[in-house]
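Structure record follows, encoded as structure tokens.
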Amino acid sequence: MEKNIAMTDNERSIGVFDSGIGGLTVFRELMKQMPDESLVYFGDTARVPYGSKSKETVTKYSRQIIRFLKTQNVKAIVIACNTASAMALDDIEKDIDIPIIGVVKPGARAAAAATKNGKIGVIGTEATILSGVYDVYLKDINPDIKIIGKACPLFVPLVEEGLLEDPVTREIAGRYLAGLMDSGIDTLIMGCTHYPLIKDTLAEILGKKVILVNPAFETARECREMLDRQGLLNKKKIELGASQYKFFVSDEADKFKTIANMILPLGILGAKKIAIENY
């Protein structure tokens with residue numbers, strides 16, 4: 001009779017969620033920086049975007065998603081959404097019993113370290129910019145830093161439609177970034193996980209003098225350090241044929257699958273639709 005070997009805490013998955021597909025930029029960085037970890041992704045594609053919704057609504061959605069991810073036996077959660085990190089993380093942190101990390105603080109730390117003239121631009125959803133959360137974290141690091149925020153609400157739907165290198169995207173980006181360029185910033189935080197998917201367009205418009213900060217990279221790095229400190233890094237190689245990466249969505253999965261295969265280094269076979277309102 002075979003012995004049933006229980007999964008250790010180290011072998012459990014990392015849960016990752018976003019309002020849609022943008023969090024796949026964080027997922028991609030987690031794959032690169034922690035190749036021995038299993039990951040579970042949830043994209044709230046039926047309720048995207050979060051950026052125009054209230055704090056109460058975003059917090060409610062985030063709690064539902066975390067309850068679902070915990071059914072997947074996750075050992076930690078990454079909120080791969082700037083809006084949810086800004087509006088829900090502080091409340092959720094108080095009553096969750098596993099490690100959790102958002103994308104805002106890692107991005108703020110990286111930008112503060114990168115700037116030379118102390119002028120940092122932040123682009124994000126309306127909710128992220130209005131929350132002033134980047135301003136708070138950056139001022140905590142250095143009170144002399146000047147922050148110029150700009151809401152870019154059309155970027156998320158453009159990315160969700162797969163218009164990553166479209167002339168329309170470039171035209172809108174040019175309009176959004178004009179004021180930031182005039183303000184003399186030398187560093188720009190891409191304060192939404194969708195935005196790295198149009199990084200080339202943003203870099204072309206801003207020019208080489210402006211450093212683009214990708215919170216996705218910084219978040220994956222800090223997640224690895226957090227798990228290492230708590231002794232939760234996986235010590236075993238993933239078995240051949242094991243389901244290392246799982247994907248769930250709240251709407252039909254076909255478009256998600258198409259764009260995920262553009263973003264991730266390994267193709268995905270599909271994503272499972274779930275009724276997130278039941279959690």
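For this structure, a couple of remarks:
- Contact map, the stretch 119-148: first residue under 18 Å from Asp186 (Cα atoms) and without any contact (Cβ under 8 Å) to a residue 12 or more places away in the chain, second residue assigned to a strand (DSSP E or B) and open to solvent by less than 70 Å² (accessible area, probe 1.4 Å), Cβ cut-off under 9 Å, separation 6 or more or different chains; pairs are Lys139/Ile147.
- Those residues of the stretch 209-242 which are free of Cβ contacts under 8 Å to residues at least 12 places away in the same chain and part of a loop (DSSP other than H, G, I, E, B), in sequence order: Glu239, Leu240, Gly241
- Which numbered condition Phe217 fails, given (1) open to solvent by 70 Å² or more (accessible area, probe 1.4 Å); (2) under 30 Å from Ile185 (Cα atoms); (3) in contact with a strand residue (DSSP E or B) (Cβ under 7 Å, 6 or more places away or on another chain): (3)
- Qualifying residue in the stretch 259-266 (condition: surrounded by fewer than 20 Cβ atoms within 10 Å (Cβ to Cβ), modelled with pLDDT of 95 or more and under 20 Å from the mean Cα position of the chain (by Cα)): no
- Any chance Tyr61 is within 16 Å of the chain's Cα centre (by Cα), modelled with pLDDT of 95 or more, open to solvent by less than 40 Å² (accessible area, probe 1.4 Å) and among the hydroxyl-bearing types (Ser, Thr, Tyr): yes
- Taken as a whole, the structure leaves Lys246 outside the set of residues that are charged (D, E, K, R), surrounded by fewer than 17 Cβ atoms within 10 Å (Cβ to Cβ) and in a loop (DSSP other than H, G, I, E, B).
- Just one of the listed residues (Leu138, Leu197) is surrounded by 17 or more Cβ atoms within 10 Å (Cβ to Cβ), of a type in the set (A, V, I, L, M, F, W, C) and at pLDDT below 95, and it is Leu197.
- Near pairs, Cβ below 6 angstrom, 6+ apart or cross-chain, from the stretch 26-48 (under 19 Å from Gly107 (Cβ atoms)) to any residue that is among the small types (Gly, Ala, Ser) and crowded, with 23+ Cβ neighbours inside 10 Å: Val26/Ala80; Val26/Ala216; Glu29/Ala216; Glu29/Ala220; Leu30/Ala220; Gln33/Ala220
- Tally of residues being over 21 Å from Leu164 (Cβ atoms) and of a type in the set (Val, Ile, Thr) across the stretch 242-279: 2
- For the stretch 146-160, residues that are open to solvent by 40 Å² or more (accessible area, probe 1.4 Å) and in contact with a Leu (Cβ under 7 Å, 6 or more places away or on another chain) total 1.
- Of the candidates Val103, Val122, Val78, Val74, the single residue that is farther than 23 Å from Arg229 by Cα, touching a Ser or Thr at 6+ places or on another chain (Cβ under 9 Å) and surrounded by 17 or more Cβ atoms within 10 Å (Cβ to Cβ) is Val122.
- Exactly one residue among Ala88, Ala114, Ala127 is surrounded by fewer than 17 Cβ atoms within 10 Å (Cβ to Cβ) and of a type outside the set (Lys, Arg), and that residue is Ala114.
- Residue identified as out of contact with any Gly (no Cβ under 7 Å at 6 or more places or on another chain), aromatic (Phe, Trp, Tyr) and under 18 Å from Ala114 (Cβ atoms) among Tyr279, Tyr245, Tyr195: Tyr195
- The listed residues are Leu158, Leu138, Leu202, Leu130, and the only one of them that is in a helix (DSSP H, G or I), of a type outside the set (Phe, Trp, Tyr), within 22 Å of the chain's Cα centre (by Cα) and under 17 Å from Ser19 (Cα atoms) turns out to be Leu158.
- A single member of Glu126, Glu165 is closer than 22 Å to Arg47 by Cβ and among the charged types (D, E, K, R), and it is Glu126.
The values are calculated or read from the model by the stated rules, or taken from the named source; none is laboratory data. On a predicted model such as this, the values are computed, not experimentally measured, just so you know. For neighbour counting, all protein chains shown are included, and Cβ atoms are generated from backbone atoms with ideal geometry for every residue, glycine included. The protein model used for the area step is the full one, side chains on, heavy atoms only, and it has no ligands, DNA or RNA in it. Shrake-Rupley method; radii C 1.70, N 1.55, O 1.52, S 1.80 Å.
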